[in-house]
Amino acid sequence: FYNNLGTVCGYLLEYKEAKSCFEKSLAINTSLFIENHPSIASNYLCLGEMYQELCDFTKSIYYTQRALNIRIAIYGHNDFRVADLYIMLGRSYIDLDKTDMALSYFSEGLKIYERKDDSVMVKSSISDIYNDIGFCFYKQNNNEQAIVYYEKAIELQKELMSQNTFNEGFYAILI
């Protein structure tokens, strides 16, 4: 229940209170479950997100990496729940201006998503990763590569928009 309370506190931008709730939840869960339990991974992930919001990127990486290790142990290396954590780690490394590290994490996440189906969710995630990779190259002053990845992101977004024309019309009717 502390995890749920922490989530609400986070939505209310009360990050220190949220962090405290996640720490309490982690303490409870580590006393109840084995080390590689999904609830513990969730606690680490929530702490990583809170430290990201508090701009403590080193601690964010520490907790997100712990969540990643547990998810790999539970789900294996090719699960989208693992890919999402690679992406989160990449974004944290961007905040630390460690773009080479960010690129390696984005690459791992991208490999996983590229093996998945062609659903809108997967394509949207791939587009976001291309955008993140483009930003890394931009920060490295490698504008040619930045353009390549930004263009890939744009093309995928155009494809997604053309696939969602029915949904857009449906939502327009509801408004």
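The values are calculated or read from the model by the stated rules, or taken from the named source; none is laboratory data. Note that the structure is predicted; figures quoted are calculated from it, not measured. With ideal geometry, Cβ positions are generated from the backbone for all residues, glycine too; neighbour counts draw on all protein chains shown. Note: accessible area is taken over every heavy atom of the protein model, side chains too, but ligands, DNA and RNA are not part of it. Shrake-Rupley method; radii C 1.70, N 1.55, O 1.52, S 1.80 Å.
Could you check, for the range 31-39, whether at least one of its residues is β-branched (V, I, T), over 14 Å from the mean Cα position of the chain (by Cα), modelled with pLDDT under 95 and surrounded by fewer than 20 Cβ atoms within 10 Å (Cβ to Cβ)? Yes, the range 31-39 has at least one match. Take E14 and decide whether it is open to solvent by 80 Å² or more (accessible area, probe 1.4 Å) and in contact with a Phe, Trp or Tyr (Cβ under 7 Å, 6 or more places away or on another chain). Considered against the rule, which asks whether it is open to solvent by 80 Å² or more (accessible area, probe 1.4 Å) and in contact with a Phe, Trp or Tyr (Cβ under 7 Å, 6 or more places away or on another chain), E14 comes out as no.
In the range 47-81, of all residues being of a type in the set (D, E) and under 23 Å from G10 (Cα atoms), the one that is most open to solvent (accessible area, probe 1.4 Å) corresponds to E53. Limited to the range 118-159, what total is found for residues that are outside any helix (DSSP H, G or I) and either surrounded by 18 or more Cβ atoms within 10 Å (Cβ to Cβ) or within 19 Å of the chain's Cα centre (by Cα) (or both)? The number of residues fulfilling the criteria is 1. Output the residue which, of all residues in the range 83-96 that are closer than 17 Å to I72 by Cα and in contact with a Phe, Trp or Tyr (Cβ under 8 Å, 6 or more places away or on another chain), is surrounded by the fewest Cβ atoms within 10 Å (Cβ to Cβ). Among them, the one singled out is I87. Taking the range 27-72 on its own, how many of its residues are outside any helix (DSSP H, G or I) and touching a residue at least 40 places away in the same chain (Cβ under 8 Å)? Summing the residues that are outside any helix (DSSP H, G or I) and touching a residue at least 40 places away in the same chain (Cβ under 8 Å) in the range 27-72 gives 1. Is it the case that S25 is within 27 Å of G76 (Cα to Cα) and either surrounded by 13 or more Cβ atoms within 10 Å (Cβ to Cβ) or modelled with pLDDT of 95 or more (or both)? Spelling it out, S25 is indeed within 27 Å of G76 (Cα to Cα) and either surrounded by 13 or more Cβ atoms within 10 Å (Cβ to Cβ) or modelled with pLDDT of 95 or more (or both). So, in the range 73-117, exactly how many residues are of a type in the set (K, R), under 18 Å from Y138 (Cα atoms) and in a loop (DSSP other than H, G, I, E, B)? Residues flagged as of a type in the set (K, R), under 18 Å from Y138 (Cα atoms) and in a loop (DSSP other than H, G, I, E, B) within the range 73-117 amount to 1. Scanning the range 97-117 for residues that are of a type in the set (F, W, Y) and over 18 Å from I147 (Cα atoms), which turns out least open to solvent (accessible area, probe 1.4 Å)? Filtering first and then ranking leaves Y113. Suppose the filter is under 14 Å from the mean Cα position of the chain (by Cα), closer than 27 Å to M161 by Cβ and among the β-branched types (V, I, T); does I87 pass it? In short, yes.
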